[in-house]
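Enquirer: This is the structure I want to talk about, given as structure tokens.
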Ligand code: AMP
């Protein structure tokens, strides 16, 4: 396994293979296999900034991925090179993803809202050789961002741009995709590059619980195990149509089951450019979508869309909610309004997942986040003393299994904290288990804000606020929000005679080039912070304080 990654112990890896959890396929293999079984079936629908609307059969998709893979090899990319992938939901994301997986280069999954603060750090930490971007998206200039990232990242040689036009100093994905390659020597070359399924396939990013985001190395074997079991749980087949309306780079949309699961099963993937109700409903009707995944914020918006009745949404079989808890009332409304089944998911980039099953009783589907994904998953609920809590009580979820990584990339110190000596990943999430084994999320131990499924590390934002010369100390906490689930509120202690407003604070933070979703949405200036008995800032008290203030404001 790539240096800097933690492999599974040999005996466990052999067991996962012997028991069929790991099939020793690569992500490229599953595309090839579906193209052999279903050459004419639709594989991918999306809007390309290069060619407009694309509708690829499996035959087309494999051809494009192979062509791009060969062109990337010619360009000089090599197996295990890291390529930061910051493309939105466009077909080029998919072509490039499979092309990289085929040559054993590793896509690093940055999200479109990430800015220099995030991409620069990740590109340097991964020692990326290439960086793929759109030229522009929602008014933001990614070419400028790429130039900044390049200045900070000595390893970065290629900027790949998904645009019709060429830009100086960059490589045009349009040109790479257009040049035909039919040379048999080249095909042998592609075959020779087929990666080891035990090798790293994809770098995901952690939700960012402490300071900077961590890189999560998924192998072909573990990532495909995850999509296979997740697809089975929602009954995905070659007749399914999956709508990706959240960024497809996100683990839920890429691998649980997401794009990987759809390709594994020969299903169709439809890329929505955004999660707006109009866009989503038009696509559900036009593409006869059977399965859509979403965070609750998106589901709430879909339910409340006044134009909903204009669309025929009857093809929808399953809506999978995850990333944040789907409350029972919301779940009930989904089933009634869309006439489809709801599936609850709880999961994380590190690969531990739980979900409800299609044939679970209604109360399990509405009230719980289900059971672990595979029979080989080992989980425990642990108290502060590191021991298992008594049955029925709430504890921190620790887990390991064939889809759960054993360590972050190049993070020795953090790995010692986040994984126990037996390889259990400590999720930082507090859950309860009922007597039938169903788990319910009860809270969180880690210092994070979950804003509509986007995770914000409190520590990262605090450090940036702290660098403002007016500020003595800062504490960022979650405040409840009926649509987003949570938003962040910054408590700040200022130097004497200084003033600071939310707008000024956010202008300061934007100058640090952080993703916009990380900006605090409320600022409380205080004289001092409440402390715990250990003399640490009591975030619990701050969370209670802002929640009470919000309640009072509602009443007024
Ligand atoms: P990420 O790795 O970005 O997908 O974030 C994973 C984290 O999201 C988990 O550790 C949880 O804190 C949170 N999360 C995911 N699914 C749920 C859910 N169904 N309910 C509550 N929190 C969730």
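Enquirer: Using R₀ = 45 Å, calculate the FRET efficiency as 1/(1 + (r/R₀)^6) where r is the Cβ-Cβ separation of residue 288 and residue 473; round to 0.05. Numbers along the way, then the final one.
Expert: Numbers: r = 55 Å, r/R0 = 1.21.
Efficiency for this residue pair is about 0.25.
Enquirer: Taking the Cβ of each residue in 430, 448 as the centre, tally the other Cβ atoms inside 10 Å and list the residues starting with the fewest.
Expert: Values: 430 19, 448 23.
By the 10 Å Cβ count, ascending, the order reads 430, 448.
Enquirer: Over all Cα pairs of the chain, how is the pair count split among 10 Å bins, expressed in % and running from 0 up to the last occupied bin?
Expert: 3, 18, 29, 28, 16, 5, 1, 0
Enquirer: Could you list 496, 538, 230 so that the one with the fewest beta carbons within 10 Å of its beta carbon is first and the one with the most is last? Don't skip to the end; give the middle numbers.
Expert: On the way: 496 5, 538 18, 230 28.
Lowest count first: 496, 538, 230.
Enquirer: Against the globular-protein guess of 2.2 N^0.38 Å, express the Cα radius of gyration of the range 140-222 as a ratio, rounded to two decimals.
Expert: For the range 140-222, the normalised Cα radius of gyration is 1.46.
Enquirer: Which whole-number percent is the relative contact order of the range 12-158 (Cα, under 8 Å, 6+ apart)?
Expert: On the way: 205 pairs, mean separation 28.9, N = 147.
That works out to 20 percent.
Enquirer: By its C-alpha gyration tensor, with a ≥ b ≥ c as the square roots of the eigenvalues, how is the range 264-382 shaped: rounded for a/c under 1.5, else prolate for a/b larger than b/c, else oblate? Write out the running numbers ahead of the final one.
Expert: Working: a/c = 1.99, a/b = 1.60, b/c = 1.25.
Because a/c hits 1.5 or more and a/b exceeds b/c, the range 264-382 counts as prolate.
Enquirer: Okay, moving on. Against the longest principal axis of the chain, how steep is helix 502-511, in degrees 0 to 90 to the nearest 10, with axes from Cα atoms?
Expert: Roughly 40 degrees, rounded to the nearest 10.
Enquirer: Which distance in nm do the two modelled labels at residue 63 and residue 503 give, with both placed 7 Å along the Cα-to-Cβ direction?
Expert: Label at residue 63, label at residue 503, 5.5 nm between them.
Enquirer: Between residue 553 and residue 510, what's the calculated FRET efficiency when r is the beta-carbon distance and R0 is 35 Å? Round to 0.05.
Expert: The formula returns an efficiency of 0.85 here.
Enquirer: Which angle from 0 to 90°, rounded to the nearest 10, does the C-alpha axis of helix 220-233 make with the longest principal axis of the chain?
Expert: Tilt of helix 220-233: around 80 degrees.
Enquirer: Something else now. Could you put 493, 289 in order, starting from the residue whose Cβ has the fewest other Cβ atoms within 10 Å?
Expert: Numbers: 493 15, 289 24.
Final ranking by Cβ density, sparse to dense: 493, 289.
Enquirer: Stretched out fully, how many nm does the piece from residue 141 to residue 127 gain, at 0.36 nm a residue minus the Cα gap?
Expert: On the way: separation 14, 0.36 × 14 = 5.04 nm, distance 2.30 nm.
The residue 141-residue 127 span can extend by a further 2.7 nm.
Enquirer: Moving on to the next point. Would you mind telling me the antiparallel percentage of the DSSP bridges in the range 446-555, rounded to 5?
Expert: Details: 16 of 20 bridges.
Percent antiparallel among DSSP bridges in the range 446-555 is about 80.
Enquirer: Hey, another quick one. Based on the inverse mean of 1/r over its pairs of different Cα atoms, what is the Kirkwood hydrodynamic radius of the range 1-145, in Å?
Expert: When all Cα pairs of the range 1-145 are included, the Kirkwood radius is 16.9 Å.
Enquirer: Sticking with this structure for a sec: When DSSP beta bridges are limited to those with both residues in the chain, what percentage is antiparallel, rounded to the nearest 5?
Expert: Values: 50 of 85 bridges.
Of all bridge pairs located within the chain, approximately 60 percent are antiparallel.
Enquirer: As an exercise, take the mean of 1/r over every pair of distinct alpha carbons in the range 446-555, invert it, and state the Kirkwood radius in angstroms. Before the final figure, lay out the partial values.
Expert: Numbers: mean 1/r = 0.0703 Å⁻¹.
Its Kirkwood hydrodynamic radius stands at 14.2 Å.
Enquirer: How far is it, in nm, from the label point at residue 378 to the one at residue 445 when both lie 7 Å from their Cα along the line to the Cβ?
Expert: 1.8 nm
Enquirer: Pull out the extension gain between residue 493 and residue 531, defined as 0.36 nm times the separation in residues minus the alpha carbon to alpha carbon distance; nm, one decimal. Let's see the in-between values first.
Expert: On the way: separation 38, 0.36 × 38 = 13.68 nm, distance 1.40 nm.
Extra length from residue 493 to residue 531 when fully extended: 12.3 nm.
Enquirer: Taking the Cα centre of each part, how many Å lie between the range 407-455 and the range 99-114?
Expert: First find each Cα centre; the distance between them is then 24 Å.
Enquirer: Kindly provide the helix-only [θ] at 222 nm of the chain, computed as the sum of -39,500 (n - 2.57) over DSSP H runs of four or more divided by all residues, to the nearest 500 deg cm²/dmol?
Expert: For the chain, the value works out to -10500 deg cm²/dmol.
Enquirer: With angles folded into 0 to 90 degrees, how steeply does helix 27-37 sit against the dominant principal axis of the chain? Use alpha carbons for both and round to 10.
Expert: Roughly 50 degrees, rounded to the nearest 10.
Values in this text are rule-based calculations from the coordinates and carry no lab data. Given the structure is predicted, the values throughout are model-derived calculations rather than measurements. Because the Cβ atoms are built from the backbone with ideal geometry, glycine has one as well, and the counts that use them run over all protein chains shown.
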